[in-house]
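The values are calculated or read from the model by the stated rules, or taken from the named source; none is laboratory data. Please read these numbers as outputs of a predicted model, since none were measured by experiment. FYI the Cβ positions are ideal-geometry reconstructions off the backbone, even for glycines, and counts take in every protein chain you see. Protein only, heavy atoms only, side chains kept; ligands, DNA and RNA dropped before computing areas. Shrake-Rupley method; radii C 1.70, N 1.55, O 1.52, S 1.80 Å.
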Amino acid sequence: MRYFFVDPARLTAARAQLDGDEAWHVKNVLRLRPGDAIGLLDGAGFEYTGIIDAMTAAGVEVALTGSRPAAGRSPVRISVAQGYLKEKKMDRLVRQLSEMGVARWIPFVGSRSVARPEAARAQARRKRWRKIAVDALKQCRRGSLMQIDDVVDFERVAALAAAHDLSVLFWEEETAARLSAGSLPAGAGAPASVLVVIGPEGGFTPEETRAAKAAGFFVAGMGPRVMRAETAAVAACAIVQYLFGDLGPGQKNLDKN
């Protein structure tokens, strides 16, 4: 069954309407017809089954036949703050991190950022990233649409630590510390929210890592190999999902520490 994104505002108890890109895809790419069964995802935690009822100039009308909580929502809310990269890299990361179950994506400009978008350009990219996130939501059938923030500076990122149960900055120059269940304070349970921070192509300055530690971040390395920033972001999310989310033993892993 094909799945499509539906704006929650376009849903009632019995009907839904697809418009914009989603309606165009139904009509002109897949060439579906009234009577065809489709699935819908609202990006707010629910999925629906339905039958195409009519196609109009305004969109595609769907008669709903069922609903249920969507699968694919991670038990840990992961936010990723990513140092701004060259645009194609950022595009790929939005898709990959959405597939990894990341809840919130925060692009930022650091001291060593090479790419520094102007405000108008940044807003245009944000619109594109949301479209990519919608496509990824449909592909992996995740329960909620990944939130995409405006571009901020590193100081704003550091201030977000207080709003998360665990905040981790991954730094290529950290050779000893590794993120593990044992990194948590004694007696702490599985974190409900984790902030992951990955630097730009140029990495972090020592001043930025000191500021992160002062803000409450755990600064960790990722092994003996220096990864590209976009590789490190996906690897970091895989580690967090394995330790605290749905890619590993989860709470059992914590109980052993």
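Only one of (1) touching a helix residue (DSSP H, G or I) at 6+ places or on another chain (Cβ under 9 Å); (2) open to solvent by less than 40 Å² (accessible area, probe 1.4 Å); (3) over 24 Å from Ile239 (Cα atoms) is not met by Leu137, so which one is it?
Unmet condition: (3).
Step by step: first the residues of the range 104-125, then only those that are closer than 16 Å to Phe204 by Cβ and part of a strand (DSSP E or B), then the one that is farthest from the chain's Cα centre (by Cα). Which residue is that?
Only one residue fits best here, namely Val109.
Looking at the range 103-120, which of the residues that are open to solvent by less than 10 Å² (accessible area, probe 1.4 Å) and among the hydrophobic types (A, V, I, L, M, F, W, C) is farthest from Asp153 (Cα to Cα)?
Across the range 103-120, the extreme among qualifying residues is Trp105.
Test each condition in (1) at pLDDT below 95; (2) part of a helix (DSSP H, G or I) for Thr175 and report the one that comes out false.
Among (1) at pLDDT below 95; (2) part of a helix (DSSP H, G or I), the lone unmet condition for Thr175 is (2).
So is Ala23 more than 24 Å from Ala233 (Cβ to Cβ), among the small types (Gly, Ala, Ser), open to solvent by less than 60 Å² (accessible area, probe 1.4 Å) and not in a strand (DSSP E or B) or not?
yes
Limited to the range 85-104, what total is found for residues that are in contact with an Asp or Glu (Cβ under 7 Å, 6 or more places away or on another chain) and of a type in the set (A, V, I, L, M, F, W, C)?
2
Please go through the range 1-20 and pick out each residue that is more than 21 Å from the chain's Cα centre (by Cα), not basic (Lys, Arg) and not in a strand (DSSP E or B).
Across the range 1-20, the qualifying residues are Met1, Ala9, Thr12, Ala13, Ala14, Asp19, Gly20.
Considering only residues that are in contact with a Leu (Cβ under 9 Å, 6 or more places away or on another chain) and either surrounded by fewer than 16 Cβ atoms within 10 Å (Cβ to Cβ) or of a type in the set (A, V, I, L, M, F, W, C) (or both), which ones fall in the range 196-220?
Scanning the range 196-220 gives Val196, Val197, Ile198, Phe204, Ala212, Lys213, Ala215, Phe217, Phe218, Val219, Ala220.
Yes/no per residue for (1) within 25 Å of Ala163 (Cα to Cα); (2) under 21 Å from the mean Cα position of the chain (by Cα):
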| residue | (1), (2) |
| --- | --- |
| Ile51 | no, no |
| Ala63 | no, no |
| Gly66 | no, no |
| Arg73 | yes, yes |
| Arg77 | yes, yes |
| Gln82 | yes, yes |
| Arg92 | no, yes |
| Leu97 | yes, yes |
| Met100 | yes, yes |
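If we only count strands (runs of 3 or more DSSP E) wholly inside the range 41-102, which ones have 3 or more residues that are open to solvent by 60 Å² or more (accessible area, probe 1.4 Å) and either among the hydroxyl-bearing types (Ser, Thr, Tyr) or in contact (Cβ under 8 Å) with a residue 60 or more places away in the chain (or both)? Before the answer, list the steps.
On the way: elements: 46-56, 59-69, 77-83.
Passing ranges, in order: 59-69.
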